[in-house]
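What follows is one structure encoded as structure tokens, with my remarks underneath.
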Amino acid sequence: MTTQTNRTLFLDASLVLPTEVRRGALLVEDGRIIEIDASPQSTADQVIQCDGQTLMPGVIDDQVHFREPGLTHKEDLYTASRACAAGGTTAFLEMPNTKPPAVTAEGVRAKDSIAAEKSHVHYGFYIGATPDNVPELNAASNVPGIKIFIGSSTGNLLVDEQAALERIFAETTLPICAHCEDETTVRANAEKLSGTSNLHDHSRIRDEKAAIIATTRAVDLANRHQPRFHVLPASTAAELPSIANQSPYITAEVCPHHLFFNVDDYDRLGSRIQMNPSIKTATDNQKLWEALQSNVIQVVATDHAPHTLEEKAQPYPQSPSGLPAVENSLALFLNQVASGKCTLTQVASWMSDAPARVWGIVGKGRIEVGYDADLVLVNLEEERTIRDEAQHTKSRWSPWNGETLTGWPVATFLRGIEVWSKAAGFSSIRHGEKLLFDHARGGYWATPDGIGIR
Ligand code: DOR
């Protein structure tokens, strides 16, 4: 009996490999990379002529809020996953603060079923912690990990009582990530500034102190109990000492808005940049960037959290926190490459390889033999201005509206199949699949085959 295989050849691409960028031809068979120095004459069912353009691993965004179920007037898994595909993101890990929140194994399975119907890209869903759902956290299978809101944000998920946090860190086995803003500090600051309608006060209420206290507390829990732990996201320079040089089990991420916006932008952009954790100062922007460069922070993710412009237009503090970002995140970093601030291999590490390794995602995140061909072809020279009306997110706006960036995706592939291109738009068939997680492999500080490197 012969088995039918399907081969795609990506010809004349500038391949962004884990440690170098190399011109070559990439051969994909049945969705998996089988050769990175393939002969241009290789037999294939389909040839994709890359014309020297850059082929990168697809972005894996490990922090998004796609609002389904329950908040689908803001976003849903169809619109959000299209925004992902158009931005070069081939997989996402979604947060549990939907309505109802995903705090049971059943709740997570329900989201998986919706995504199986609707998603244009690969997906996984965190299970949310509550003060008393340890049995549920232990019943969840094939999930990236547990999300704890140590400080509250959109929705009502919150675990800030020490005994409950100790239980979660001690009695569960999945990797853990936490939103780190200290609830007591935030409430005390809000009390002091009660009655304010000044948006600048958002960064005074959710201040540096709130971030440091929560991050230090979470890192202390992680050091004592040793689960895999991921800080989500760092927003201040002051948190960096708590994150740096910690146990190999601890990793951290940063979001584009904490790198590229600061409090001086409130007057220009208003509540479009109201976020939790709040944006901080220009010095924080700089120090966070340096932390990323020096591997104190390993991952870049968006925290894509759309609200409608009508909701955002309410006076502070009624205006909700959150902004959409998945379709511009890769371009924001390619623009940094264009201005010489980082390299393509760094971008691929921060946005693809590191998140895959932090969350034990099997077969994703690299252009390497044996890995899935989840890829994005980019034109490093293309200049494009971000426009609200051109966004695919249901909320149809971007905090970067009006900004011109150099370097944009031109086509996105899942397991070798084009799911979006600038020329042809979206594929009519959806190819998103549930991600596979293998938490035995040891996380970021392990090599892809599971051997510790630190
Ligand atoms: O600003 C935020 N908005 N931060 C979060 O952590 C949640 C998010 C949301 O869901 O709106």
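The values are calculated or read from the model by the stated rules, or taken from the named source; none is laboratory data. Here the structure is a predicted model, which is why all the values come from computation and not from measurement. Because the Cβ atoms are built from the backbone with ideal geometry, glycine has one as well, and the counts that use them run over all protein chains shown. Heavy atoms of the whole protein, side chains included, go into the accessibility calculation; ligands, DNA and RNA do not. Shrake-Rupley method; radii C 1.70, N 1.55, O 1.52, S 1.80 Å.
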R82 passes all but one of (1) open to solvent by less than 10 Å² (accessible area, probe 1.4 Å); (2) within 21 Å of the chain's Cα centre (by Cα); which number fails? (1)
Considering region 258-286, residues that are more than 15 Å from the ligand (Cβ to nearest atom) and under 22 Å from the mean Cα position of the chain (by Cα), and then whichever is most open to solvent (accessible area, probe 1.4 Å), we arrive at Q286
Only one of S203, S152 is part of a helix (DSSP H, G or I), within 15 Å of the ligand (Cβ to nearest atom) and open to solvent by 10 Å² or more (accessible area, probe 1.4 Å); which? S203
Among (1) away from the ligand (no atom under 16 Å from the Cβ); (2) polar (S, T, N, Q); (3) open to solvent by less than 30 Å² (accessible area, probe 1.4 Å), the one test that T302 misses: (1)
All conditions in (1) open to solvent by 30 Å² or more (accessible area, probe 1.4 Å); (2) within 15 Å of the ligand (Cβ to nearest atom); (3) touching a helix residue (DSSP H, G or I) at 6+ places or on another chain (Cβ under 9 Å); (4) not β-branched (V, I, T) are true of P131 except (2)
What is the number of the single condition among (1) assigned to a strand (DSSP E or B); (2) within 30 Å of M95 (Cα to Cα); (3) not hydrophobic (A, V, I, L, M, F, W, C) that T72 does not meet? (1)
Please find, among L93, L55, the residue that is within 16 Å of the ligand (Cβ to nearest atom) and either at pLDDT below 95 or in a strand (DSSP E or B) (or both). L93
Do the conditions hold for L380, that is, is it open to solvent by less than 10 Å² (accessible area, probe 1.4 Å) and either touching a Leu at 6+ places or on another chain (Cβ under 8 Å) or of a type in the set (F, W, Y) (or both)? no
When you go through S235, S242 one by one, which is the residue that is within 15 Å of the ligand (Cβ to nearest atom), touching a strand residue (DSSP E or B) at 6+ places or on another chain (Cβ under 9 Å), free of Cβ contacts under 8 Å to residues at least 60 places away in the same chain and among the small types (G, A, S)? S235
Any residue at all in region 395-406 that is in a strand (DSSP E or B), closer than 29 Å to T8 by Cα and either open to solvent by less than 40 Å² (accessible area, probe 1.4 Å) or not hydroxyl-bearing (S, T, Y) (or both)? yes
Identify all residues within region 373-394 that are part of a loop (DSSP other than H, G, I, E, B) and under 21 Å from the mean Cα position of the chain (by Cα); write none if there are none. A373, D374, I386, Q391, H392, T393, K394
From the set of residues in region 20-48 that are more than 29 Å from the chain's Cα centre (by Cα) and assigned to a strand (DSSP E or B), which is nearest to A348 (Cα to Cα)? V47
I'd like the residue in region 150-166 that is in contact (Cβ under 8 Å) with a residue 60 or more places away in the chain and of a type in the set (A, V, I, L, M) and, out of all such residues, is farthest from A211 (Cα to Cα). L157
All positions within region 96-122 that are more than 16 Å from the ligand (Cβ to nearest atom), open to solvent by less than 10 Å² (accessible area, probe 1.4 Å), outside any loop (DSSP other than H, G, I, E, B) and not hydrophobic (A, V, I, L, M, F, W, C): H122
Do we have any residue at all in region 12-28 that's open to solvent by 70 Å² or more (accessible area, probe 1.4 Å) and either in contact with a Cys (Cβ under 7 Å, 6 or more places away or on another chain) or at positive phi (or both)? no
Could you tell me how many of the residues in region 211-257 are open to solvent by 10 Å² or more (accessible area, probe 1.4 Å) and either of a type in the set (G, A, S) or farther than 24 Å from E166 by Cβ (or both)? 6
How about region 409-432: which of its residues are within 14 Å of P57 (Cα to Cα) and either open to solvent by 10 Å² or more (accessible area, probe 1.4 Å) or not polar (S, T, N, Q) (or both)? P409, V410, A411, F413, L414, R415, G416, I417, E418
Those residues that are open to solvent by 10 Å² or more (accessible area, probe 1.4 Å), farther than 20 Å from A105 by Cβ and more than 16 Å from the ligand (Cβ to nearest atom), I need them from region 155-169; list them, please. E161, Q162, A163, E166
So if I check each of T8, T79, which one is part of a strand (DSSP E or B), touching a residue at least 60 places away in the same chain (Cβ under 8 Å) and of a type in the set (S, T, N, Q)? T8
